[in-house]
Amino acid sequence: MRIPFDREGHRWVGVEEKRYADGEQGARGMSWKGVTRCEIFRAIEGARFDLRYFEIAPGGYSRLEKHQHAHAIVVIRGHGEALIGDQVVNLQPFDAATVPPMTPHRWVNAGDEPFGFVCPAESPRDMPQPLSDDEIARLLFNEATRRIVEIDG
C-alpha cells in the first residue's frame with residue numbers, strides 16, 4: 001500500500017488532519033496549543049501499531065503527560081524541544097527521540113515554522129495520564145524543565 005506525500009502541502013494525500021486530542025484540557029499540564037495529528041495508517045494486518053504525524057504550530061505545545069507505552073519519534077519538519085523525564089532536548093529535522101514508559105514528556109515548537117514529527121504507537125494503547133503533584137513539583141524545581149512545565153500557565 002502506498003500513501004503519497006504532497007511536498008508542497010506537507011501532508012499525505014487522502015489522510016485527514018485531526019485535532020491533537022479530544023476531551024477536556026482541565027487537568028494540570030494536560031492543556032495543549034496549536035497541535036494537529038494525521039493518522040497515516042492504523043494498525044494493519046501483521047502490524048500492531050499506528051503510524052501518526054503530529055504538527056505543532058509556532059508557539060504551540062503538546063500535553064505534559066505520561067503513559068504505559070513508549071514513544072519513538074523522528075522529526076521531519078521544523079525545530080522543537082522535548083521535555084523527556086528531567087531533561088530538555090533540542091530537536092531538528094531527522095533527529096530521533098525516545099520516551100520510556102511512564103516518563104513525563106511534552107513536545108514544544110521552538111521555531112517560527114511548523115514542527116512536525118512521525119510517531120508510531122502501539123495499537124491498542126493506554127490513554128495519557130496527567131502527572132502527579134510530586135512529579136510536577138520535581139519538574140518545577142529543576143531549572144531546565146521549569147519553563148516547559150509552565151508554558152501553559
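Throughout, read-outs are computed from the coordinates displayed, never taken from laboratory work. Predicted, not measured: the structure shown is a model, and the values here were computed from it. Positions of Cβ are backbone-derived with ideal geometry, glycine not excepted, and every protein chain shown enters the neighbour counts.
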Query raised in the report: To the nearest 500 deg cm²/dmol, what mean residue ellipticity at 222 nm is calculated for the chain from DSSP H runs of n ≥ 4 alone, each contributing -39,500 (n - 2.57), summed and divided by the residues?
Result: -3000 deg cm²/dmol
**Report entry** Where labels lie 7 Å past Cα in the beta-carbon direction, separation of Asp86 and Asp126 in nm
**Finding:** 2.2 nm
**Report entry** Dipole of the chain, positive direction: furthest Cα of His69, Phe5, Asn90, with charges on the beta-carbon
**Finding:** Phe5
Report summary line: PRE zone check, label point 7 Å out along Cα-to-Cβ of Glu143, amide N under 16 Å, scope region 75-102, hits 87-88
Query raised in the report: So how strong a dipole does the chain carry about its Cα centre when Lys and Arg Cβ are +1 and Asp and Glu Cβ are -1, to the nearest 20 debye?
Result: 220 debye
Query raised in the report: If contacts are Cα pairs under 8 angstrom and at least 6 residues apart, what is the relative contact order of the chain in percent?
Result: 24 percent
Query raised in the report: Once the Cα atoms of the chain are picked out, what are the Rg and Dmax in Å?
Result: 15.2, 48
